[in-house]
Amino acid sequence: MSILIKNGRIITASDDYIADIFIESETVSAIGKDLNFEAEKVFDASGMLVFPGGIDPHVHLDMPFMGAFSSDDHETGTRAALFGGTTMLIDYAIQSKGESLHSALETWKNRAMGKTFGDYSFHIAVTDFNESVKEEFKDLIKKEGITSFKTFMAYKGALMIDDKQMISIMNEVKKYDGLVAVHATNGDMIEYLVEKYKSENKLSPWYHYLSQPEITETEASGRFVDLAYLSGVNAYIVHMTCEGALNKVREATKRNQKMLVETCPQYLLLDASVYKKGFDSAKWVMSPPIREKKDNETLWAGIRQGLVHVVGTDHCPFMWSDKLKGKDDFTKIPNGAPGLEHRMELLFSEGVRKNRISLNKFVDITSSNVAKIFGLFHKKGTIAVGSDADIVIFDPEQKHTISAKTHHHRCDFSAFEGWEVTGKVKTVFLRGKLAIDEDKVLVEKGYGKFLKRKTPFKI
Ligand code: URP
Ligand code: ZN
Ligand code: ZN
């Protein structure tokens, strides 16, 4: 199949120009002005933006968590992602206690197998480190193409590891040039506060917010930065929410340390007033919690300053019936919210259109930096001759309203219900196939493929 996209305004992390793109089979084979090639299909992209397919590096699909399963699986999740211009995602395979990392990977691969519309990979979350697990990293990085490992400094008694385990993981992963990612909040501080509020019978979602104050994230982020400094590993902080944590990263630059940082749309755009809505606030019960307006401003500035490199979603939806399990006790509300579908449109509308970030930065944080950090560049993350033809045609003027009534997530509420955005995904190509056109999905279930990743490209 050959495709010609005519007259689009092509945006990459570094370029902005009007040209034609010729696609043959799965890849971009030529880019130029007034290309005069015969193509089986021609798309006129005049007046449209044309940018690389988004890559969301922080997604939880079909994940057993806090007594429920995240409600999007690999079918509904990758399809919703495509509707929002995200052509690839990286899900988390979580190691259970006593399980090997290879077994966790197998479990998650089986969950996804044959169901995906978009491309995908996995990070492995290491929750039970020991000598035999230590032996697994080499093979996972060199043979299986799993080059990033997630750790938790919180969720005590379930997912949390201690500092000695963290440094051992870092040293081992560094040997093979992999990456260690972290959920950086102090699990002991949080446990102390949770017990205190429970003993005082303070059980509404507001106390979820109060039990994870900014200092719990500042402390753990600083500790992770120091452990990373000691080991020299490629280190990445997921879903950063606040000024205190970002300042730990800022300070580390003074000793010439490079940290990699991700935030999410909810931490850029929402504030803690969402926890003042009675039990409706359960929609935004996630960890870390949503913070203050000053933190929104710090994170936008962090993106502009090059301290925040990636915006993922931490997409972890639960149905309202699952959220209701915590009606009388906030600790029983499954943590997480939907977000995968609207990451690109929200960042364009609130970021680019409101002059918070440039168009090139938009591509960088949604696609190029993700591809570089997670070993997918130049195949993914750009539009260039030889790269995968993962391409979004985007109408920068079309207005629409986000709602659970119209979104494609399998979730009966939206964290951004009623948000009016300007800019809409019109057409999406995935590896040269027309995947979405005018609100219709045109690839088949199973077209999305698992990709082995390389080690990080230094940014
Ligand atoms: O509340 C959240 N974020 N749920 C998903 C698991 C995690 O911590 O990333
Ligand atoms: Zn987390
Ligand atoms: Zn997460």
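Where a number appears in this text, it was derived from the coordinates with a stated rule and is not lab data. Everything numeric here is computed off the predicted structure, so don't read it as measured data. Please note: Cβ atoms are built from the backbone with ideal geometry, for glycine as well, and neighbour counts cover all protein chains shown.
Cα centroid separation, segment 243-272 to segment 371-406: 24 Å. Sequence-ordered 3J(HN,Hα) estimates for segment 31-44 from the Karplus curve with 6.51, -1.76 and 1.60 and θ = phi - 60° stand at 9, x, 6, 6, 4, 10, 9, 6, 9, 5, 9, 10, 10, 8 Hz, glycine and proline given as x. Amide H contacts under 5 Å for His239: Glu262, restricted to partners 5 or more places along the chain or on a different chain, H placed in the peptide plane at 1.01 Å from N. What lysines does Lys276 reach when the alpha-carbon gap must be under 28 Å and sequence neighbours fewer than 8 apart in one chain are set aside? Filter leaves Lys156, Lys196, Lys198, Lys202, Lys293, Lys294, Lys323, Lys325, Lys327, Lys332, Lys354, Lys405. Label-to-label distance for Glu24 and Asp188 is 6.2 nm, based on points extended 7 Å past Cα in the beta-carbon direction. The calculated FRET efficiency for the pair Lys277 and Glu297, based on their C-beta separation and a Förster distance of 25 Å, comes to about 0.65. Cα centroid separation, segment 150-201 to segment 408-459: 31 Å. For the chain, the convex hull spanned by the alpha carbon atoms encloses 125 Å³ per residue.
Local charge for Ala245 was computed over the other residues whose Cβ lies under 14 Å away, with Lys and Arg +1 and Asp and Glu -1, and equals -4.
The Cβ shell under 14 Å around Ile18 holds other residues with a net charge of -2, Lys and Arg each +1, Asp and Glu each -1. For the chain, the 222 nm mean residue ellipticity estimated from helices alone, with every DSSP H stretch of n ≥ 4 adding -39500 (n - 2.57) and the total spread over all residues, rounds to -7500 deg cm²/dmol.
Does segment 1-87 come out rounded, prolate or oblate, given a ≥ b ≥ c as the square roots of the eigenvalues of its C-alpha gyration tensor, rounded meaning a/c under 1.5 and, failing that, prolate meaning a/b above b/c? Prolate, because a/c is 1.5 or more and a/b exceeds b/c.
By DSSP, the beta bridges lying fully in segment 53-373 are antiparallel in about 5 percent of cases.
Taking each residue as 0.36 nm, the span from Gln398 to Asp162 lengthens on full extension beyond its C-alpha to C-alpha distance by 80.1 nm. Using a simple spin-label model with pseudo-atoms 7 Å out from Cα toward Cβ, Ser46 and Asn110 lie 5.5 nm apart.
Under the combined filter of DSSP loop state and at most 13 neighbouring Cβ atoms within 10 Å, segment 198-283 retains these GluC sites (Glu not before Pro): Glu200.
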